1. Can you report the number of residues in the range 19-37 which are open to solvent by 10 Å² or more (accessible area, probe 1.4 Å) and in a loop (DSSP other than H, G, I, E, B)?
2. For the range 115-126, indicate whether the set of residues that are assigned to a loop (DSSP other than H, G, I, E, B), over 18 Å from the mean Cα position of the chain (by Cα) and either modelled with pLDDT of 95 or more or not acidic (Asp, Glu) (or both) is non-empty.
3. Exactly one of (1) open to solvent by 10 Å² or more (accessible area, probe 1.4 Å); (2) closer than 26 Å to Trp317 by Cβ is unmet by Thr93. Its number?
4. Just to be sure I understand, how many residues within the range 265-288 are within 19 Å of Val203 (Cα to Cα), out of contact with any Lys or Arg (no Cβ under 9 Å at 6 or more places or on another chain) and either acidic (Asp, Glu) or open to solvent by 10 Å² or more (accessible area, probe 1.4 Å) (or both)?
5. State whether one or more residues within the range 160-168 are among the hydrophobic types (A, V, I, L, M, F, W, C), open to solvent by 20 Å² or more (accessible area, probe 1.4 Å) and in contact (Cβ under 8 Å) with a residue 40 or more places away in the chain.
6. I need the full set of residues from the range 153-174 which are among the polar types (S, T, N, Q) and at pLDDT 95 or above, in order please.
7. Give me a count of the residues in the range 283-312 that are hydrophobic (A, V, I, L, M, F, W, C), in contact with a strand residue (DSSP E or B) (Cβ under 6 Å, 6 or more places away or on another chain) and at pLDDT below 95.
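The values are calculated or read from the model by the stated rules, or taken from the named source; none is laboratory data. Here the structure is a predicted model, which means the values were calculated and not measured. Cβ sites come from the backbone with ideal geometry, for glycine too, and all protein chains shown count toward neighbours. Note: areas computed on protein heavy atoms with side chains; ligands, DNA, RNA excluded. Shrake-Rupley method; radii C 1.70, N 1.55, O 1.52, S 1.80 Å.
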Amino acid sequence: MSLAFLHSHDAAEAHSDAVWDISWTSNDTVISVSADGSIKQWTSAGDPQPPNPSSDFPAPHMLGLVSLSVSPDAKYALYNTIEGLTSLWDLTTGDIVGKYESYNRSSGGGDVEPSWSVSLNPNCQTYTSSGASGNVAIHSANSENFGQRLSSLPSGRSKFGLHCTHSPDGKRVALSSESGQIYIFDLETNSLATTYTSHAMAVRDLVWSPDCNLLLSASEDKRLVLHDVRTSSGGMVAAFTGHSSWVLSVDISPDNRLALSGSADKTIKVWDIAARAAVSTVQDTGEVWSVSWRPKLTSVGVGAFVTGGEDGVVRWWRGAGGGSTF
């Protein structure tokens, strides 16, 4: 089986540094965050798209933005700077409705930890963060007490938490570590449910399947590993190999059929999950730090995805034969 994807177009203007995270939203816009400190919203045609005529993008931060999480209804974008300033952007009004300096110790609290990765709960009432401790912190996402730490979920190991992400139903959160472990926390019981040791090196990215049954991980060991979270032990059901360097980013298509990966080997691969095989390889110009499927399915199925990477350019890709419009 082959499934060709073609380069459709680039964003009208590039970020001035690498794109570190990206999300194609349910409103058919694309949000990107960059090492240049900026967050931008684009139309599917690649044009900058402020939320309304009277507003503009948030001003660039002096330090890079490393983490992005968009609500399912595309109303909010949660993002985090490299030193741990977490912000919540209302995409419908253009307002920053919450800011939290996770590195600020002026309150005297002993449990302060700068956030590295952040994930907005689909209910938009809370968000999680991870950092150097290897634990997951639960914070309020309400504007009146945004950032307030509500609880902390220990992983049991003090290894840097590289990426955290909620399941689509908001009942669980997965955390990956610099040493290769993956932890799944049950948010209904506030407890560690499962630990996976599927990788030999740092796990850079994680994504849940839309039905919440599968978890796909991307690692510096050059592999993607598919886990079935319904099983009580092991969890690993398949490993995908073919990249020649670190796998930096990963996503699962909205119909659960295909996976998408971006690598430091400057390629993007599309994988058939059932066949456990790559069905398309696309050459890019640099390291591919972020990938995201279009949430909307077309008459021909999964039709498009967007990527961002080392050169700062947001790129749109479409399936061959799927039409040139989005």
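1. 6
2. Residues of the range 115-126 that are assigned to a loop (DSSP other than H, G, I, E, B), as a first pass: 115-116, 121-125.
If we keep only those that are over 18 Å from the mean Cα position of the chain (by Cα) too, we end up with 125.
After this cut, where a residue has to be either modelled with pLDDT of 95 or more or not acidic (Asp, Glu) (or both) as well, the list is 125.
Taking every residue of the range 115-126 in turn, at least one turns out to be assigned to a loop (DSSP other than H, G, I, E, B), over 18 Å from the mean Cα position of the chain (by Cα) and either modelled with pLDDT of 95 or more or not acidic (Asp, Glu) (or both).
3. Single failed check for Thr93: (2).
4. Here the count works out to 3.
5. Initially, the range 160-168 is screened for residues among the hydrophobic types (A, V, I, L, M, F, W, C), giving 160, 162, 164.
The next check asks that each one be open to solvent by 20 Å² or more (accessible area, probe 1.4 Å); those that pass are 160, 162.
Okay, now just the ones that are also in contact (Cβ under 8 Å) with a residue 40 or more places away in the chain, so 160, 162.
Yes: one or more hits.
6. Passing the criteria: Thr165, Ser167.
7. First, pick out the residues of the range 283-312 that are hydrophobic (A, V, I, L, M, F, W, C): 288-289, 291, 293, 297, 300, 302, 304-306.
Applying the additional criterion that residues be in contact with a strand residue (DSSP E or B) (Cβ under 6 Å, 6 or more places away or on another chain) yields 288-289, 291, 293, 302, 304-306.
With at pLDDT below 95 added as a condition, the list becomes 302, 304.
Summing the residues that are hydrophobic (A, V, I, L, M, F, W, C), in contact with a strand residue (DSSP E or B) (Cβ under 6 Å, 6 or more places away or on another chain) and at pLDDT below 95 in the range 283-312 gives 2.
Let's see how each residue does on (1) closer than 16 Å to Val288 by Cα; (2) under 17 Å from the mean Cα position of the chain (by Cα):
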position: Ala11; (1), (2): yes, no
position: Ala14; (1), (2): yes, no
position: Ala18; (1), (2): yes, yes
position: Ile22; (1), (2): yes, yes
position: Thr25; (1), (2): no, yes
position: Val33; (1), (2): yes, yes
position: Ser38; (1), (2): no, yes
position: Ser44; (1), (2): no, no
